[in-house]
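Reading through the structure tokens given below for one structure.
The values are calculated or read from the model by the stated rules, or taken from the named source; none is laboratory data. Since the model is a prediction, treat every value here as computed from it, not as a measurement. Here the Cβ positions follow ideal geometry from the backbone for every residue, glycine too, while neighbour counts run over all protein chains shown.
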Ligand code: P6P
């Protein structure tokens, strides 16, 4: 018996009609984002043939060198979403301020944030990269739209997801009732449901962290990784494997697929920064996806989704993945804090 493969459109229509979970405007938003991701996938897959490789010769607000594809992906998402009437404004890792929908278009009730092409340092070496997005509702009660309207905790997200451009192009999405995966059928040009109700195993033997930063880590992180490295000869009593793709979308996709723990913790290199990754358009959407799949996401001390943002591009320490491992790392941080407070 062939399994019925619903298209993304049918999946969203049924979420709207049957579950009443997503209003028509949010359904439109998600379909438009998916179409933009499809266009980005085609641009990424052209590689050298598309003259889209290499640096754009500019820097983004983060002071990071922009790749040509960073700019192409950003422009694709802006152009796809600005005219539909579903959005009030957008924010992007590649833009300093918010992008308010121009007056020539109707304004909607949603806010869209994205990292248009995460992991873009991997583009030139043909390693998987992706688009990460998060959707909030525009706060009511005041005219116009301001940066501060975006500063909502991750618990306020109404939809979140990513699209990974790898051997397959796969859209991974949650609207608050679990995680589903849609693989791009390039012959039809549509995203097809290939996995529903994704679950992250609560335990794992696989950790993801950039080991070259070890000497800069805080004690709880060192303790956790040391125990993993001791394997069967240490307190964990089991051997661990390590992966680090340096593409958050790829590392998170592996964890959603087979479990694991992803860590980009605070370290001493830039002690004034809470971490490297961005709260609003990396940690919050990825953290919600992981939680919706039964995993856990903290900054080492508190649930990422409960962090009250103060800046659009603020950074955060990220520990996410298999629940029991993330809980252990978080407990190590809290134990260290208590010991420090008693000292
Ligand atoms: P590092 C990519 O630049 C990114 O923002 C994430 O996708 C990835 O997890 C991390 O940075 C990699 O950082 O310091 O290992 O290059």
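Odds and ends about this structure:
- Cβ pairs under 6 Å, 6+ apart, first in segment 104-129 and over 18 Å from residue 143 (Cβ atoms) and modelled with pLDDT under 95, second away from the ligand (no atom under 11 Å from the Cβ) and assigned to a helix (DSSP H, G or I): 123/69
- Filter pass, residue 10 being surrounded by fewer than 17 Cβ atoms within 10 Å (Cβ to Cβ) and assigned to a helix (DSSP H, G or I): yes
- Residues being over 30 Å from residue 145 (Cα atoms) and assigned by TED's automatic domain parsing to the domain that holds residue 225 are represented in segment 298-311 by at least one member.
- Index of the failed condition, residue 4 passing every other in (1) part of a helix (DSSP H, G or I); (2) exposed (fewer than 13 other Cβ atoms within 10 Å of the Cβ): (1)
- All helices (runs of 4 or more DSSP H) inside segment 226-343 with 2 or more residues being away from the ligand (no atom under 16 Å from the Cβ) and crowded, with 20+ Cβ neighbours inside 10 Å: 284-292, 323-342
- Test for residue 212: is it within 19 Å of residue 297 (Cα to Cα) and out of contact with any helix residue (DSSP H, G or I) (no Cβ under 6 Å at 6 or more places or on another chain): no
- Among the residues of segment 39-59, just one is within 28 Å of residue 107 (Cβ to Cβ) and buried (at least 19 other Cβ atoms within 10 Å of the Cβ), namely 40.
- Residues of segment 177-196 that are surrounded by 12 or more Cβ atoms within 10 Å (Cβ to Cβ) and in a loop (DSSP other than H, G, I, E, B): 177, 178, 186, 196.
- When residue 171 is tested against (1) surrounded by fewer than 16 Cβ atoms within 10 Å (Cβ to Cβ); (2) closer than 20 Å to residue 6 by Cβ, only condition (1) is not met.
- Hits in segment 223-263 (condition: on the phi > 0 side of the Ramachandran plot and in contact (Cβ under 8 Å) with a residue 12 or more places away in the chain): 246, 259, 260
- Condition check for residue 139: without any contact (Cβ under 8 Å) to a residue 24 or more places away in the chain and surrounded by fewer than 19 Cβ atoms within 10 Å (Cβ to Cβ): yes
- Note on segment 203-225: among residues that are assigned to a loop (DSSP other than H, G, I, E, B) and under 23 Å from residue 272 (Cβ atoms), the one that is farthest from the ligand (Cβ to nearest atom) is 218.
- Residue in segment 138-162 that is nearest to the ligand (Cβ to nearest atom), counting only those that are in contact with a helix residue (DSSP H, G or I) (Cβ under 7 Å, 6 or more places away or on another chain) and not in a loop (DSSP other than H, G, I, E, B): 162
- When every residue of segment 54-65 is checked against the conditions, none turns out to be more than 22 Å from residue 158 (Cα to Cα), more than 16 Å from the ligand (Cβ to nearest atom) and assigned to a helix (DSSP H, G or I).
- Among the residues listed as 124, 115, the single one being assigned to a helix (DSSP H, G or I) and either within 16 Å of the ligand (Cβ to nearest atom) or farther than 25 Å from residue 8 by Cβ (or both): 124
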